[in-house]
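Here is the structure we will look at.
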Amino acid sequence: MKEKNKFSKLLYFIGFGILLCGFIIGLMQAEDGFIAFFTPVVAAAFLGVIYIALGEIIDRLNRLEQNPAVNTLSQREPDCSISSEIDIQDNTEWTFERINQYFKQNDREVTDVQATPEPDLFLIKWGSSYRLVSVKRGIPVVVPKEKLSKHPELVRWLADNPEISKQF
């Protein structure tokens with residue numbers, strides 16, 4: 001496991017320090033009654049947990065930045081080279097580049113990208129078959145065939161394009 005970010009360590013340290021100080025102050029004021037003990041302990045617990053949570057968030061974001069999610073696609077399929085003529089719509093050129101770049105990082109080369117009637121869904125081809133890819137959040141994600149029924153317009157489009165649906 002990688003070492004924690006220095007700033008997140010500092011926030012952890014401050015958070016636990018606040019918890020400890022709040023408890024000590026509460027003990028010092030305990031002779032004045034339960035409320036005098038309870039108030040600094042609860043305030044310190046609240047603030048300490050916020051600092052610890054911020055440290056955890058920063059640490060997780062740092063780990064995510066250093067180690068982006070790995071594609072879970074099968075590694076058994078052969079790589080393909082990109083054809084020079086790609087039939088995609090003009091408004092999807094950036095998407096093809098992004099999809100191709102993403103899959104190249106995961107040892108896949110896309111040979112074709114087909115825009116679908118759905119604005120954020122594309123059919124990509126590597127190997128001998130097409131896969132449905134969503135780019136809603138800016139990262140291409142392969143959509144399982146089981147979820148195809150959630151897109152009736154796409155199902156109709158595939159029915160109208162038998163050469164693609166055979167390979168899908």
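Over the Cα atoms of region 6-66, what Rg and Dmax result, in angstrom?
Calculated on Cα positions, Rg and Dmax stand at 14.5, 51 Å.
Work out, step by step, the length gained on full extension between Ser129 and Phe23: first 0.36 nm times the residue separation, then minus their alpha carbon distance; give nm to one decimal.
Here the answer is 31.8 nm.
Run the numbers on region 6-66 and let me know its relative contact order in percent, using alpha-carbon pairs under 8 Å that are six or more apart. Could you put the intermediate results ahead of the total?
Details: 64 pairs, mean separation 28.6, N = 61.
It comes to 47 percent, rounded to a whole number.
Please give, to one decimal in nm, the separation of the simple spin-label points placed at Phe16 and Gln66, each 7 Å out from Cα toward the Cβ.
1.9
Can you list the lysines whose alpha carbon is less than 24 Å from that of Lys104, not counting same-chain residues fewer than 8 positions off?
Within reach: Lys125, Lys136, Lys145.
Using θ = phi - 60° and the Karplus relation 6.51 cos²θ - 1.76 cosθ + 1.60, list the HN-Hα couplings for region 45-60 in order, rounded to whole Hz, with x at every Gly or Pro.
These are the phi-based 3J(HN,Hα) values: 4, 4, 5, x, 5, 4, 5, 5, 5, 4, x, 5, 4, 5, 5, 5 Hz.
Run the simple label-point estimate for Glu153 and Ala43 please: 7 Å along Cα→C-beta, distance reported in nm.
5.7
Rule-based calculations on the coordinates, nothing more; no lab input. Quantities reported herein were computed from a predicted structural model and do not represent experimental measurements. All Cβ positions, glycine included, derive from the backbone under ideal geometry; neighbour counts span all protein chains shown.
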